[in-house]
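Chemist: I'd like to ask some things about the structure below.
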Amino acid sequence: MRDLTRSGVFALVITIIVLAITATPGGANTFAFRTLDGSGNNFLHPAWGRAGTVYLRVAPTNYADGISSMASGPSMRYVSNRVFNDVGQNIFSENGVTQWGWVWGQFIDHDIGLRDERAAERAPIGFDTADPLEEFTNDFGSISFSRTPAAPGTGVSTPRQQVNTLSSYIDASTVYGVDSQRLEWLRVGPVDGDMSNNGARLLLTADGFLPRVGARGDPSTTPAMDLMGPLLGTSDRAVVAGDVRANENIALTSLHTLFAREHNRIVALLPTWLSAEERFQIARRIVGAEIQYITYTQFLPALGVRLNPYHGYDPTVNSGLSNEFAVVGYRAHSMVHGEFDTTVPAGTYTDAQLAAFAAQQVRVEPDGDQVTLEIPLAAGFGNPDLLQDLGVGPFFRSLSQRQYKNDEQIDNALRSVLFQVPKPGIADPTVCGVPLVNPDCFSGVSDLGAIDIARSRDHGLPTYNDLRRAYGLAPKKSFVDVTGEATESFPVDPLIDARDPINDPHILDFVELRDAKGNLVTPGTPAADEEVVIGVRRTTVAARLKAVYGTVDRLDAFVGMVSERHLKHTEFGELQLAIWTKQFTALRDGDRLFYRNDPLLRLINHEFGIDYRLTLAEIVKLNTGVTLQRDVFTFDRH
């Protein structure tokens, strides 16, 4: 009798789980699965957070004509050369945040937001070859930039708005996409428009890598993927994932690969008497919860983001992304290291493999029974082949090094990344792939820092002080108030042209370097490349900002935000921290299926022994066999 009772309870629990993952969203069953596009999460407002809705606004729009025209300001490249230019000096996170910080941040960014990427009006960014601070050659004379299309019905008589093409919820759309056509392609089984005959697993290669665009035959029927770098000439080498940007760099590709593997690992743990759809939906539910759990218990705390206590789901909170967060607050390009370094046992790669790495500008450093690979970010740009050649596990070790400080300085790998276009008559366009520079190709420059400023003006975002007001912060009255430095005047220095200091390259010289313990670091030494957390320049940021903008009230929001002095124990100044805090609170409180509000997760754990509460290190170990420090986001000093 007792066994029958247990059997009956078990059957009831399984019935609840099955109903929970197959119920119609918005129906009476509150356990209903997530829709792909985010619709129906909020029963009262089913469109909140849905893919294809306009970004929310925290502040009034700021267009030159009040409707659509971009606001004016200093030349974006001119600002970049004087404020963002790091002149090759690495400055690292003062809190010891590792490269996992920016990589996870990008992975989450691609889960919650993607503007409409179709090019609207062209608005090229000026490039002045005569600028005394310009160190790069740009055969095209400008930096390409196109505006984001106006959301339907806006920008004519009402202020221009922009569309977020993704669900704003943290729901693993990077893994599964936001539409059924992409998901059907990603799942094993036929691609015939009938989701009912799909398998539970995601499509991977035999050795566990993401599928290429031709994995199912005709590449023209494959879901669209953004192409960049070498992939522009070898599009057949692109991999396919839930988000179109998965090929952007090998760090991002590695996380897409990891969580596709994690999905399949979970599927393998589930009993086969469950249907394929049931196993797929349970695995998807757990993967989404894992990503949320890592974000809120590891990633945000490591960066110093402390949210108010969670009190449960609040249906009055709209989890939609704000334009201010997407375009200004979540731009953290300064954190991105220009290189990945990994050390592996000698013999991990053959001599032929090491030679192939060297041909892609990977520096190979043998050292006894070990080999160190120094991988430039440019070598991993649009190059999923490199990740497959390296292996996901060895590559993950490289991310345990310190990331750059989240300040106003941006590595030239992003601030002046070079791209190449074939010259007329070149027979093989694939030879124009970065990082190998070919004289038969035109060279161009793309500056993400300048583009960040341009995108802010494109989306009609307010100036720095107006954005501070919108987030409940007092405006700043001077540039030293912004940066926390002692002066906003240029020094009397024989190396600086007193008549025109802002155009003198010496204003960017570093005159003092210190490590995390406050010790002086000698320029040109290994420590100067790996340990500096404080760099003092010949001129203050405040002085350069004043020379460029004149008054704080003209300061671009992005420029002011990244120039702020950091609050203690965080990677942020006051404004950026306020933007992150507000948005990540809304993403938590306005999500009915947030992991702390989802009873189905407890049922799954109880009946199948599968717990979503894993650290990122544990997920890496389970899917690659590689052991990392428990908190991958914090630099292990031992």
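Just so you know, all these numbers are worked out from the coordinates, no wet-lab data involved. This one's a predicted model, so the numbers in the text were calculated from it and none came from an experiment. Using ideal geometry, Cβ is built from the backbone for each residue, glycine included, and neighbour counts are taken over all protein chains shown.
Chemist: Over the Cα atoms of the stretch 266-311, what is the Rg over Rh ratio if Rh follows Kirkwood?
Modeler: 1.21
Chemist: So, one more: What's the Kirkwood radius of the stretch 392-477 in Å, using all Cα pairs?
Modeler: 17.0
Chemist: Over 12 Å, how big is the tail of the calculated P(r) for the stretch 577-638, in percent of all Cα pairs?
Modeler: Here the long-distance tail beyond 12 Å is 76 percent of all Cα pairs in the stretch 577-638.
Chemist: In addition: So, counting K/R as plus one and D/E as minus one, what does the shell of residues with Cβ under 13 Å around GLY625 add up to?
Modeler: For residues surrounding GLY625, the net value is +3.
Chemist: Now for a different question. Using only DSSP helix segments of four residues or longer, with each worth -39500 (n - 2.57), what per-residue ellipticity at 222 nm results for the chain after dividing by its residue count and rounding to 500?
Modeler: Mean residue ellipticity, 222 nm, calculated: -9000 deg cm²/dmol.
Chemist: Could you calculate the contour length gain from ALA123 to THR522, that is, 0.36 nm times the residue separation minus the distance between their Cα atoms, to one decimal place in nm?
Modeler: This chain segment gains 139.3 nm when fully extended.
Chemist: Follow-up question, since we're still on this one. How many percent of all Cα-Cα pairs in the stretch 416-547 sit more than 24 Å apart?
Modeler: The calculated P(r) of the stretch 416-547 puts 59 percent of pairs beyond 24 Å.
Chemist: How much length, in nm to one decimal, is gained on full extension between VAL188 and ASP466, taken as 0.36 nm per residue of separation minus their Cα-Cα distance?
Modeler: Extra length from VAL188 to ASP466 when fully extended: 95.1 nm.
Chemist: Relative to the longest principal axis of the C-alpha atoms of the chain, give the angle of the C-alpha long axis of helix 250-269, reported between 0 and 90° and rounded to the nearest 10°.
Modeler: Result, in degrees: 10.
Chemist: If the only charges are +1 at each Lys and Arg Cβ and -1 at each Asp and Glu Cβ, what is the size of the charge dipole of the chain around the Cα centre, to the nearest 20 debye?
Modeler: 1960
Chemist: Please compute the Cα-Cα pair-distance distribution of the stretch 60-196 with 10 Å bins starting at 0, giving whole percents from short to long.
Modeler: Per 10 Å bin, starting at 0, the Cα pair percentages come out as 9, 21, 28, 28, 11, 3, 0.
Chemist: List the equivalent ellipsoid semi-axes of the chain in whole Å, largest first, each obtained as the square root of 5λ for an eigenvalue λ of the Cα gyration tensor.
Modeler: Ellipsoid semi-axes (Å, largest first): 41, 29, 25.
Chemist: When Rg is the radius of gyration of the Cα atoms in the stretch 43-107 and Rh is its Kirkwood radius, what does Rg/Rh come to?
Modeler: Ratio value, two decimals: 1.12.
Chemist: Roughly how many whole Å is it from the C-alpha centroid of the stretch 569-623 to that of the stretch 276-335?
Modeler: Here the two parts' Cα centres lie 6 Å apart.
Chemist: Calculate log10 I(q)/I(0) of the stretch 489-539 for q = 0.17, 0.22, 0.23, 0.30 Å⁻¹, where I(q) comes from the Debye formula with a single equal point scatterer on each Cα and nothing for solvent.
Modeler: Debye output, listed in q order: -0.57, -0.75, -0.78, -1.03.
Chemist: Oh, and also: Between 0 and 90 degrees, rounded to the nearest ten: what's the tilt of helix 599-608 against the longest Cα principal axis of the chain?
Modeler: The angle comes out at about 60 degrees.
Chemist: Around GLY40, what is the net charge, scoring Lys/Arg as +1 and Asp/Glu as -1 over all other residues with Cβ under 10 Å from its Cβ?
Modeler: Residues close to GLY40 contribute a combined charge of +2.
Chemist: I'd like the distance separating the alpha-carbon centroids of the stretch 150-225 and the stretch 495-513, in whole Å.
Modeler: First find each Cα centre; the distance between them is then 50 Å.
Chemist: Which chymotrypsin sites (Phe, Trp or Tyr not before Pro) in the stretch 212-299 pass both tests, a DSSP loop state and at most 15 other beta-carbon atoms within 10 Å?
Modeler: Answer in residue order: TRP273.
Chemist: Give me the angle, in degrees from 0 to 90, between the Cα long axis of helix 574-589 and the longest principal axis of the Cα atoms of the chain, rounded to the nearest 10.
Modeler: Roughly 10 degrees, rounded to the nearest 10.
Chemist: Then there is this: Kindly count the pairs of lysines across the chain whose alpha carbons are less than 30 Å apart, treating pairs on different chains or eight or more residues apart as eligible.
Modeler: Lysine pairs satisfying the spacing and distance rule in the chain number 17.
Chemist: For every other residue with a beta carbon closer than 13 angstrom to the beta carbon of ASN519, add +1 if it is Lys or Arg and -1 if Asp or Glu, then tell me the sum.
Modeler: That sum, taken over residues with Cβ under 13 Å, equals -1.
Chemist: Would you kindly state how much longer the chain becomes between ASP65 and ASP515 on full extension, computed as 0.36 nm times their sequence separation minus their alpha carbon distance, in nm to one decimal?
Modeler: This chain segment gains 157.2 nm when fully extended.
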